[in-house]
1. Among (1) surrounded by 16 or more Cβ atoms within 10 Å (Cβ to Cβ); (2) modelled with pLDDT under 90, there is one condition Ser217 misses while meeting the rest; what is its number?
2. Select from segment 275-290 the residues that are more than 12 Å from Tyr302 (Cβ to Cβ) and in contact (Cβ under 8 Å) with a residue 24 or more places away in the chain and write down the one among them that is least open to solvent (accessible area, probe 1.4 Å).
3. Give all pairs with beta carbons closer than 6 Å in which a residue from segment 195-211 that is farther than 18 Å from Cys230 by Cβ and in a loop (DSSP other than H, G, I, E, B) meets a residue that is of a type in the set (Asp, Glu) and open to solvent by less than 80 Å² (accessible area, probe 1.4 Å); count only pairs at least 6 apart in sequence or on separate chains.
4. What number goes with the only condition from (1) open to solvent by less than 50 Å² (accessible area, probe 1.4 Å); (2) in contact (Cβ under 8 Å) with a residue 24 or more places away in the chain that Tyr372 does not pass?
5. Determine whether segment 306-321 contains at least one residue that is open to solvent by less than 60 Å² (accessible area, probe 1.4 Å) and under 21 Å from Thr348 (Cβ atoms).
6. When both residues are 6+ apart or on different chains and their Cβ atoms are under 7 Å apart, which pairs have a first residue that lies in segment 251-268 and is at pLDDT below 85 and outside any strand (DSSP E or B), and a second that is surrounded by fewer than 17 Cβ atoms within 10 Å (Cβ to Cβ) and among the β-branched types (Val, Ile, Thr)?
7. Which of the strands (runs of 3 or more DSSP E) contained wholly in segment 277-390 include at least 2 residues that are within 30 Å of Ser168 (Cα to Cα), in contact with a Ser or Thr (Cβ under 8 Å, 6 or more places away or on another chain) and hydroxyl-bearing (Ser, Thr, Tyr)?
8. Do you know which residues across segment 258-274 are open to solvent by 20 Å² or more (accessible area, probe 1.4 Å) and not β-branched (Val, Ile, Thr)?
Amino acid sequence: MIRKTTLSFFKVFFLFSIILFTKSHTYAQTAIVGQQLPFDRICAGLIVNGAPFNEYNATFSYLNFPAGTTFEVELSDELGSFTTPTATTKISFVDDPSTGQQTIKFAIPTNLKGSNTYSLRVKSNTATPVYSQRFKNFQDQTSFPAYYRIFTDKFYINNREANATICSGGSISLTVDNPTPADAPSSPANYPSLTYKWYKDDVLIAGQSGTTLVANSPGVYYAQINYGGCDDDNFSSNRVTVVSSGGGSAVTVDSSLGNPFCSNGTGTVLTATSGNSYVWKKDGVTLAATTRSITATDSGIYTVEVDFGGCKATGSIDLKSNSFSASIDVADEYELQENETLNVSITTDATTPKFEWFLNGIAINGASSSSYLVAVRGIYKVKISQESGCIASREFTFRVTSVLDAVTTVIPNIVKLSGSYPYWNIPDVYKTATTKLMILSSNGEVMFDDVGSNYDPELNSFIKDFKNVNPVYYYVIQGDAGEKKGSITVIK
């Protein structure tokens, strides 16, 4: 007998609800599953074919996401936490919807704070993001080093010197060299975020990570940029051998141009053995320089006392020059008397010397011998040149004043170039801080314009180029003594 079964309304509704819930729940199960990463660490910044390397791939599968869903790669922070993740830059991606798999090529930030405990994941850019589990690298680890190596060139410590000296019980500072701004890219010291590892005799010195190490014992020292799990011996400094000295004769002084030297007007650089501080002397007289290197332009005995931190040592060099010597037989300042002339002579051992004489900065026509007869006041200069062998030159400057016309109580309107005072002077009453003086040429060119007591008849001579016969200039003086205007006629 066949028994007929009739479903109640309640049973039908319950069955329909189960089916609907199952379908809805199945659709909601979105997921991102990462494949093993094709690297064990991220060491970006390494120069490859002249360009920084910063490209990495992350491949993953995705399930039940709506069409058009995008994904991005996230790095943790330097401690491995995703509370505030590090964003990466998507370079490109390959998507295969038929298999639900995508590969994203990404780059890390160039200012990434490097560490050995980064992790990586992928998230969906949906209204409610979905995150993958932490990816594993090809060593099956979810935590790995990540660094952007911002500096990958050779660098130096101790001014590139291979040796340094300390006293027994003393110390010396070894510092990462930081050249001039023009050379700034060649030093990691220009990147404050970098830290360092310091080594002594190839053993890591604990607790030292700055740009300077205080070395207090003999040994071989060097620094390495601290890139953690991305360390590379190529990012190490030069080696510096530190030796101990009790003082005495441990200091040497080298001349960059040799000894004897030919300065060619620039001098030679004297460099002492590296130490902590320096006191230089020339022929027993202390110099102002306190640096390791100084520039010397003259012969003499140069000594330097070097402090090695606890003891001092002295070195010296008897510096000789291949240049020439010269002397002048006039004082720095000389006063001509009425109707007096002064014969100034140069004595020199220069080979075939050349002489040039100047008055107030202008070459004196025809003055080319070792002596010159001075008849007018002014500022004179003589230049002696040796133009064969060691090319060099020397200069002497002196000033000649005169009792004649040096002081005036009237404003002159004539300047006689052949006289003993070929300048235009004004009374001292007009040489004040509030007086304005202007001198114009006949065609309106401003020859002098200033406020204050800066007018010196010799230094501010407005007669620059004598082209016309008896040229005329005009002046305006404004000050506490009133305003004065007039003309100045220059005659030969």
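The values are calculated or read from the model by the stated rules, or taken from the named source; none is laboratory data. Quantities reported herein were computed from a predicted structural model and do not represent experimental measurements. No Cβ is skipped: glycine too gets one built from the backbone with ideal geometry, and neighbour counts run over all protein chains shown. To get the accessible areas, we keep the full protein, side chains included, count just its heavy atoms, and leave off ligands, DNA and RNA. Shrake-Rupley method; radii C 1.70, N 1.55, O 1.52, S 1.80 Å.
1. With (1) surrounded by 16 or more Cβ atoms within 10 Å (Cβ to Cβ); (2) modelled with pLDDT under 90 applied to Ser217, the lone miss is (1).
2. The first filter runs over segment 275-290 and keeps only residues more than 12 Å from Tyr302 (Cβ to Cβ), leaving 275-277, 288, 290.
Remaining after also requiring in contact (Cβ under 8 Å) with a residue 24 or more places away in the chain: 275-277.
Working: Gly275: 15, Asn276: 74, Ser277: 52 Å².
Looking at the filtered set, the residue picked out is Gly275.
3. none
4. Every condition holds for Tyr372 apart from (1).
5. Just the residues of segment 306-321 that are open to solvent by less than 60 Å² (accessible area, probe 1.4 Å), to begin with: 306-309, 311, 313, 315, 317, 319, 321.
Filter once more, keeping what is under 21 Å from Thr348 (Cβ atoms): 319, 321.
Checked segment 306-321: at least one residue is open to solvent by less than 60 Å² (accessible area, probe 1.4 Å) and under 21 Å from Thr348 (Cβ atoms).
6. What qualifies is Ser263/Thr297; Asn264/Ile391; Gly267/Thr295; Gly267/Thr297.
7. Details: elements: 277-282, 293-296, 300-307, 312-319, 326-328, 333-336, 342-348, 353-359, 371-374, 378-386.
In segment 277-390, the matching strands (runs of 3 or more DSSP E) lie at 277-282, 300-307, 312-319.
8. Of the residues in segment 258-274, the ones open to solvent by 20 Å² or more (accessible area, probe 1.4 Å) are 258-260, 262, 264-266, 269, 271, 273.
Answer for segment 258-274, where residues must be open to solvent by 20 Å² or more (accessible area, probe 1.4 Å) and not β-branched (Val, Ile, Thr): Gly258, Asn259, Pro260, Cys262, Asn264, Gly265.
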